[in-house]
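Novice: I have a structure here, written as structure tokens, and I will follow up with some questions on it.
Just so you know, all these numbers are worked out from the coordinates, no wet-lab data involved. All of these numbers come straight from a predicted model, not from anything done at the bench. No Cβ is skipped: glycine too gets one built from the backbone with ideal geometry, and neighbour counts run over all protein chains shown.
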Ligand code: NAI
């Protein structure tokens, strides 16, 4: 049985995610932490008849330490979301500091926990988390994940619309790279089952998968970003292989994948998961199309800058 923690649990993603985790039969204890409102959210969820015992904490009275001590899994949707016109990178200034503070707590109070980072820009916040864990000598790349599942969920939904499949769950499209704009690379040529995308629809579909988050930000008109679909994605699926944003040199199979990508350190690739974290990073790249190779080159260039920015912040910012 698992002790799970949500940091940022009172937010737009945090609340529905906590609801889904409260009803998950694998979780025996669920602790919610935020700078506001967690007692209320925890009280509300505690009335749901399910296994998980739930508690809410605020920063006062060593709240972060109490939340994290003994945790097996920590999910982090803490931080500000985008408003219309903003890129995920615009969030860096505030969210970098929040992630650094929270991951410092993880390093001190539950260094062996699995850490799932939702806070954007994921391309930079995961490298920040890795640096913080390294500085405390507790970094294990097989246990640190940037949550990119929403890109996979969107890819299935939008591809199903184009090929006329009513049940989008039947279509699985691997999505690699990072989690923003052109760093998101859907590998439609490897979709299962194989999907024939009409040539005149391909660019539009790829663009919609890369920039799908903007549709939600614009539709919510300043009141939030993708929260409900994100919460759905973060509860995870039951498959053994999931694309997720990992530190390649630190996971089995990762060196080979990094080499195939010209030496990049962090990348979302389909990863085989086991009870102790990453079992193996898989290398889908030998089989991709020429069109996807071009998308990949753009992604690698942008992503390298995002990674360097995160590492630099973690090493230098006070
Ligand atoms: P929100 O503003 O509704 O919620 C964020 C929560 O974090 C708030 O309750 C806030 O009080 C809390 N918070 C702020 N500072 C904190 C701290 N130091 N410690 C603990 N909690 C703190 O935002 P929303 O919509 O839930 O988004 C959260 C993050 O997730 C954003 O950065 C957003 O960009 C990102 N996101 C990531 C996605 C992904 O696919 N990885 C998809 C959609 C959003």
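Novice: Report, in degrees rounded to the nearest 10, the 0 to 90 angle that the Cα long axis of helix 92-109 makes with the longest principal axis of the chain.
Specialist: That helix lies at roughly 60 degrees to the long axis.
Novice: Now a separate question. Going by alpha carbons, how many degrees (0 to 90, nearest 10) lie between the helix axis of 199-220 and the longest principal axis of the chain?
Specialist: The angle comes out at about 20 degrees.
Novice: Related question: Roughly how tilted is helix 290-316, in degrees to the nearest 10 and between 0 and 90, from the longest Cα axis of the chain?
Specialist: 30
Novice: Per 10 Å bin, what percent of the C-alpha pairs of the chain does each bin hold, from zero upward?
Specialist: Reading the bins upward from 0: 6, 28, 36, 23, 6, 0.
Novice: What does the helix-only formula give at 222 nm for the chain: each DSSP H stretch with n ≥ 4 adding -39500 (n - 2.57), the total divided by the residues, and the result rounded to the nearest 500 deg cm²/dmol? Walk me through the numbers on the way to the answer.
Specialist: Values: 10 runs with 134 residues, N = 318.
Rounded to the nearest 500, it is -13500 deg cm²/dmol.
Novice: Same structure, new question: Assuming R0 = 25 Å, can you tell me the calculated FRET efficiency for the pair residue 207 and residue 241, based on Cβ-Cβ distance, to the nearest 0.05?
Specialist: The formula returns an efficiency of 0.45 here.
Novice: Using Cα centres only, tell me the gap between the range 176-206 and the range 53-86 in whole Å.
Specialist: The distance from the Cα centre of the range 176-206 to that of the range 53-86 comes to 33 Å.
Novice: Provide the gained length on full extension for the span residue 196 to residue 255, in nm with one decimal, where the gain is 0.36 nm per separating residue minus the Cα-Cα distance.
Specialist: Using 0.36 nm per residue and subtracting the Cα-Cα distance, I get 18.0 nm.
Novice: Under a GNM of the chain (C-alpha, springs under 10 Å), which listed residue has the highest mean-square fluctuation: 186, 198, 111?
Specialist: 198
Novice: Something else about it: At R0 = 45 Å, how high is the FRET efficiency between residue 287 and residue 44 if r is their beta carbon distance? Nearest 0.05 is fine.
Specialist: Details: r = 47 Å, r/R0 = 1.05.
According to the calculation, E is roughly 0.45.
Novice: With a 10 Å radius around each residue's Cβ, average the other Cβ atoms per peptide and rank 7-15, 262-270, 187-195, highest first.
Specialist: Top to bottom by mean Cβ count within 10 Å: 7-15, 262-270, 187-195.
Novice: Whole number please: convex hull volume per residue, Cα atoms of the range 152-198, in Å³.
Specialist: With only Cα atoms used, the range 152-198 gives 69 Å³ per residue.
Novice: Taking 25 Å as R0, compute the FRET efficiency from the Cβ-Cβ separation of residue 228 and residue 1 and round it to 0.05.
Specialist: 0.40
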